[in-house]
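Inspection log for the structure reproduced underneath, given as C-alpha cells.
Just so it is clear, none of the values below were taken in a lab; they were calculated from the coordinates. As the structure is a computational prediction, the values presented were derived from the model and not from experiment. A quick note on method: Cβ atoms are made from the backbone with ideal geometry, for glycine too, and the neighbour counts reach across all protein chains shown.
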Amino acid sequence: MRGIVGDSEQARDLVQDTCYEACRAAQRGTPPFGSTSSSETDMRRWLFRVGYNRAISALRRRRIIHWLPLENVRLLISFEDESAEGQDVRAALATLTPQDAACLTLIIIHDFTAAEVGQIVGASPQAVAKRFSRAKQRLRDAYLAQDPQLEGSGHP
Amino acid sequence: MSQQQPTHVADCAAVARLLPLAGHFLLSADESSTLDAHVATCAACRAELAVYDRVEAAWRRTFAPRWETPPLVSRRSMMDILTQEPEQNAPSTAPAVLFTPRARPRRALGSLSAVAATLLIVVLMGGILLARGHGSPASGGTGPTTVIAESTLGDVAMVSPTEGWAVGGSSGTASPAKIVLMHYLDGTWTPVNLPIDGYLTSLSMSSPTEGWAVGQVPLTQPTQSAPLLLHYDGGTWKQVAVSAQNGQPAQVQMLSATDGWMVGQGFARQAAPLGGIWHYDGQTWTAQPLPASLSAAIPLQSAYVSRIAMISPTEGWALGGASSTTPSTSFILHFTGGSWKVQRLLTDVSVQSIAMVSASDGWITATGTDNAPLLLRYTGGRWVEATASIGNGGTLGRLLDIFMRSATEGWMTCQARDFRGSPTLLHYDGTKWSVSSLPSITNTSTWDIRGITMISATEGWAVGEHEVKSPNYLTLVTPVILHYHNGRWTGYTRQDYLTPSPHGPSIEIPVG
C-alpha cells in the first residue's frame, strides 16, 4: 500500500479499512469468504483489489482537496523514511502514476501474475504488462537520476 | 559504449523492450529464449539487466510489507465485528436507489413540479455544439453521450431558476479522463456530449448565452497538464486555446462577457513559467504577474493561485500558496489600483475558498494546524479569525466551498471528518453558522459536496460526488446533485451504480 500512496500512515489506515471490509464480508458470508469453493488465492486477490481501490480513492481525495489531477498527487506525498535509498526510491515513485506504482508493487513485491493484477486493477494482462514495462523504465530513469553511480549499462 | 557488431547492436535494440519485463513471467517462451541468448553474449545488456534488478530490489526493500499489525486487527476488534448480527442488506442485494430524500421539494413553478423522474439515457443537445481547437465548429450534439457512469461534479452555476450548468470529470481509474458537462433546463439535468479528454474544475456564466468553463488535460509527461478552456457563446461551446502550453486552471470568474479572471497553477510556455492569474478582456486571456514581494516568502515557481473573488473590475481578492514550503504557506492577494498586492501571508494554513459580499465584507475557508477548520472574515479592513462562528467546529472536517448571497446569508460546505461519512452543509443567518439538514444516501461510505450556488434565499443547487460499493467491492464514484427549495435540501443521483463499467449507462438525474 505504501508503494501506491507513499505515505506510511495513510497506508496503514487503508490496510485497516481493507481488513475491516474483509471482516464484514466474512461475517456476511460474501464471496470469496462465504464460498466453500473459494481458495486462499481468491481471498488474497480480493484483499488486494479492495486495497487497491481504496488507495486510488484516497489519492483521488487528495486530488480533490488540492484540485490537482490524479497524476499530480504525488507532489503532496510526505515521506518518513530518511534512508538514502528510501529517499531515492520515493523520489522515483513521485514520477509514477498511482496505477503504475500499483502494478510495480503487485508484481515485484507480491508476485502476482499479469492476469491477476489485471483482475485487481481492472485491466487486461497485456495492458498490465505494458504498464509494468513503462513504469519500470520510468523507475529506472528516475532512480538513476537520483543515483547516477548506479548506471551500469554499456549502451549509449 | 557497446563494442558489439552492427547486427548485434540491432539485437540490443530489439531486446531492450524485453529487459524491464524479465523475471516476472511477463515474457512469452520465445521472448525469454531470445533474451537469455542475447544477454549471455552481450555485456552491455547484461549490465542493463543488472541495473533493472538493482532498482527493483531497492523498490522491494522500500515498499515490502513491514508486517505491522493495524490497530483494528486486534483480537477484540475482530471478535466485535464477527459477533455482530449479519446485515440484512448485503451489497449483492443492495437496493438500486441510493438516495432516501427526507422530503421532496415543492417547487413554486408548476411547470417544473410536473417534471419528475426525468431521465436521460442518450440525450442529444441539439443546440450545443463543440468546436475543438481554435473555434472551428464541430458536432457535439450527435452520437452517444460522453457522460460515463463513474464521474464527479465539482462546480455548478445557474443563469436562472430554470437553467444552469455543472462541470466535472470522469472519476474512474481508466484513463484518459473525460470531461463532464451537464445542463439544467426546465427541470432536467442533461449531460452534454463533449468528447474531450481531461476534466473541468470550474465554470462561470456572465449571462444565459455567455460563459466559460475551465479545467485541464493531463499530458503524457507526468506532473504536467495542459489548460482546458471552453467558451459558451450564443448557444455553442467552443474550446479556446491560450498561450500557455502547461497549466492547471482552478477557477474562472466572469464579471461580464468582456471581463473575466482565471487562476491556477503550473502555467508555462516552453518551460518558461507564466503567472497563476489570468485576465480576459473579451478577446484574449493574458497572464498577470504575481506580486514581486511574494518571492520574499515563497519561491514563485511553486506558487499556485487556487481561488479568486472579484468584487468589481477594479477590486478583488485571490488565494494561493506554495506547494514546496514547509510548513505550508498560504497567501491572500488584493487587487486594487490595477495590480495584485500581497495582503497577508499565512503559515501552516491551507486556504480553500473565498466569497466576498462587498468591498468591506468577505469570508475565507481554510484548514489550520492539525487539519482543524479555520474560518476568516474580512471586516474593518483586515482579515480576522471567525472560526468561533461555527458552532460545532470541533467535529467538522475540512471546510471547502463558500457562497455568500449577502452579509446576512450564506452557505458553506464541509468535508466529512476523516473523509468518511456525510459532509456538512452550514448556513449563515447573519450571526452564526449552523448545520443544515441534508438528505441521506444509502450504501455509501462517504460523500462530498464540492460546489454550491444559490439563486435566491429559498432556492439553490449544490453538486458533488459519492462513493458506492458494488457487490464486488470496487469503489465507484458517482455524481450527486442537491437542490435547495423552501428550506429543504433534496438529492439526486444515478440509480444504476451496480454496473462497474467506466463506460456504463448515462447519469439519470430526476428532478422534482
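Cβ-to-Cβ counts within 10 Å put A:D13, B:D281, B:D197, B:D401 in ascending order as B:D281, B:D197, A:D13, B:D401, the fewest first. Amide hydrogen proximity for B:V180: with H placed 1.01 Å from N in the peptide plane, the residues at 5 or more positions away or on another chain lying under 5 Å are B:G168, B:G169, B:S170, B:L200. Stick to the Cα atoms of the stretch B:307-371, pair each with every other, and give me the Kirkwood hydrodynamic radius in Å at one decimal. Kirkwood hydrodynamic radius for the stretch B:307-371: 12.2 Å.
Estimated translational diffusion coefficient (Stokes-Einstein, Kirkwood radius over Cα pairs, 20 °C, 1.002 mPa s) of the stretch B:5-64: 176 µm² per second. How big is D for the stretch B:232-350, in µm² s⁻¹ as a whole number, if Stokes-Einstein is applied with the Kirkwood radius of its Cα pairs at 25 °C and 0.890 mPa s? So the translational diffusion coefficient is about 167 µm²/s.
Among residues other than B:T34 with Cβ under 12 Å from its Cβ, the summed charge is -3 (Lys and Arg +1, Asp and Glu -1). Within a straight-line Cα-Cα reach of under 25 Å, B:K238 can be paired with the following lysines, leaving aside sequence neighbours fewer than 8 residues apart in one chain: B:K178.
Under the 0.36 nm per residue contour assumption, what length would be gained going from the current alpha-carbon distance of B:N371 and B:T347 to full extension? Write out the running numbers ahead of the final one.
Details: separation 24, 0.36 × 24 = 8.64 nm, distance 1.32 nm.
Net length gain for the segment: 7.3 nm.
For the pair A:Q119 and B:D36, a Förster radius of 35 Å applied to the C-beta separation gives a FRET efficiency near 0.75, rounded to the nearest 0.05.
Given N residues in the stretch B:328-441, what is its alpha carbon radius of gyration divided by 2.2 N^0.38 Å?
1.07
Neighbour counts of C-beta atoms inside 10 Å place B:V435, B:V463, B:V39 in the sequence B:V435, B:V39, B:V463, starting with the fewest. With the cut-off at 1.5 for a/c, could you classify the stretch B:217-294 from its C-alpha gyration tensor as rounded, prolate or oblate? Note, shape of the stretch B:217-294 comes out oblate.
Take the alpha carbon gyration tensor of the stretch B:164-313, find the square roots of its eigenvalues, order them as a ≥ b ≥ c, and report rounded if a/c is under 1.5; if not, report prolate when a/b exceeds b/c, else oblate.
Working: a/c = 2.09, a/b = 1.31, b/c = 1.60.
Judged from the Cα gyration tensor, the stretch B:164-313 comes out oblate (a/c at least 1.5, b/c at or above a/b).
Scanning residues 5 or more positions from B:V242 or on other chains, none has an amide H under 5 Å from its amide H, with H placed 1.01 Å from N in the peptide plane.
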